[in-house]
Structures are given as structure tokens and as C-alpha cells.
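The values are calculated or read from the model by the stated rules, or taken from the named source; none is laboratory data. Keep in mind that what you see is a predicted model, and the values were worked out from it rather than measured. Here the Cβ is made from the backbone with ideal geometry for all residues, glycine too, and neighbour counts use every protein chain on show.
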Amino acid sequence: MKKTLILFLAILSLTGFYGCTANTPQRTAEEMMASIQAWDTEAMKNTLSADDFYDTADMDTEVMEDAEGTMKLLVSNMTYKITDTKIDGDTAVVTFEITNVNMKPVFSEVLNQIFSLVFSGTDITDEEAQQKVMEYFKTSIETNKADTVTSTVTVQLKKTEGEWTVEKPSDEFFNAVLGNFITAVKEVNESFLDAEFE
């Protein structure tokens, strides 16, 4: 009986029905999240384009590509778990519970440091300024590591020619991935706009 069971499992593994070898919505969602966690833009292209990310976040693609190191810092503490997967024919919805450092206080601290640097009159190159910003983020994220935020968000997927792909995720998804960073940026932008019209 034991030999029969081992043979049966071996056949299943070879035919792709054992484990997670089949293309599923959950596996595609896992691959997407793994590429985001590593901020691997090449791997992201398999399930999600960087343009989709930046467009949703209202960020300039070229600027953010130059700040790839900063983006890696923003997702370096992001964790997630899939809490539900619903499949309806060729469409699916995967639900995530995503936790990251709360980036609202981080962004506030970094912004204040950037303003201090700008108004100090220090003459530095763009590359040096970019490095400074990375250092600010790294320090502030480490300082605020205990302050986390957890969000429940969903991602839509569709099946085309047997392959599951991610539809363009929502603002809420990206905001969760970045620990409220998008909300923080938008709030600052709105405050500047309000100040201009006063």
C-alpha cells in the first residue's frame, strides 16, 4: 500500500496536479506580491507593469524609476497573506491582508529634512541629493518600524488563453503596499494647493 501511495504521488507531481504547479489566481497573485516585495521591476512585468504602479500612485514614472532604491526601502518591511480567493469562470478576486510600516509619519519626517536641506543653501548634485533622501527614508523607517498599518484589499484577475493575469490594481491596493505613503503624498499635495488659493 505504501509503495502504491508513493507511486501515485510521483505520478501526480509529474503531471502537474500535485502541489502548486498549476496556473491559479492565487499563484499569480503570490508572484505579483513577491516581485513587489523585492521591487523587481523585471519580474513585475510578468504580472504587473511598473507604469501601472506609478500611474495609480500619481507618480512620475521617470522620477520614480530614478528613485528605485527608495521604492525598495518603502516595501522592505511589507508583509502579506492571502485570506480569500474567489473564482467565477474566467475571473477571480484575491483578498490580501497587507501590513507595512506606517509611512505617513515617515514621509512627514523626510519632507522636513528635505526642506531643511534645500533651505540650508548646501550645494550638492542631484545624485548626492538622491542619496540623502534615501538615507532619510532608511533612518526614519527604522525609527518608526514599530508603527505599522494593516489593510484588507482585493485584486481582480482574469484568465486569458489559460493564463491568469492581474487586472490593474486599485489605489487602495498600492496604498496598502506602501503603508499609506500614497495617502501621505496626496495630503501634502492638497495642503500646498489649499495654501496657494488662500
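Quick notes on this structure:
- Region 159-170 residues that are farther than 13 Å from residue 46 by Cα and modelled with pLDDT of 85 or more, paired with ones that are surrounded by 14 or more Cβ atoms within 10 Å (Cβ to Cβ) and of a type in the set (D, E, K, R) (beta carbon under 9 Å, 6 or more apart): 169/52
- Among the conditions (1) within 23 Å of residue 188 (Cα to Cα); (2) within 20 Å of the chain's Cα centre (by Cα); (3) not basic (Lys, Arg), the only one that residue 167 does not satisfy is (1).
- Checking each residue in region 73-96 for being of a type outside the set (Gly, Ala, Ser) and loosely packed, with under 14 Cβ neighbours inside 10 Å picks out 79, 81, 83, 84, 86, 88, 90.
- Taking residues in region 72-87 that are under 17 Å from residue 26 (Cβ atoms), and partners anywhere that are modelled with pLDDT of 95 or more and among the small types (Gly, Ala, Ser), the pairs with Cβ atoms closer than 7 Å and at least 6 places apart or on different chains are 85/92; 86/92.
- Here region 111-138 is the region considered, the condition is being farther than 24 Å from residue 76 by Cα, outside any loop (DSSP other than H, G, I, E, B) and hydrophobic (A, V, I, L, M, F, W, C), and the residue that is nearest to the chain's Cα centre (by Cα) is 115.
- So residue 146, is it among the aliphatic types (A, V, I, L, M) and either more than 20 Å from residue 69 (Cβ to Cβ) or touching a Cys at 6+ places or on another chain (Cβ under 6 Å) (or both): yes
- The C-beta contact set for region 110-125 (first residue in contact (Cβ under 8 Å) with a residue 60 or more places away in the chain, second residue assigned to a loop (DSSP other than H, G, I, E, B) and among the β-branched types (Val, Ile, Thr), distance under 7 angstrom, 6+ apart or interchain) is empty.
- Count of residues meeting criterion [assigned to a loop (DSSP other than H, G, I, E, B) and either β-branched (Val, Ile, Thr) or closer than 18 Å to residue 34 by Cβ (or both)] in region 154-178: 2
- Region 114-138, residues that are hydroxyl-bearing (Ser, Thr, Tyr) and surrounded by 15 or more Cβ atoms within 10 Å (Cβ to Cβ): 136
- Residue match in region 92-105 (condition: in contact with a Phe, Trp or Tyr (Cβ under 9 Å, 6 or more places away or on another chain) and within 14 Å of residue 70 (Cβ to Cβ)): yes
- Test result for residue 95, among the β-branched types (Val, Ile, Thr) and out of contact with any Asp or Glu (no Cβ under 6 Å at 6 or more places or on another chain): no
- Residue in region 139-153 that is surrounded by 13 or more Cβ atoms within 10 Å (Cβ to Cβ), touching a Phe, Trp or Tyr at 6+ places or on another chain (Cβ under 8 Å) and in a strand (DSSP E or B) present: yes
- From the options 182, 124, residue that is over 22 Å from residue 35 (Cα atoms) and out of contact with any strand residue (DSSP E or B) (no Cβ under 7 Å at 6 or more places or on another chain): 124
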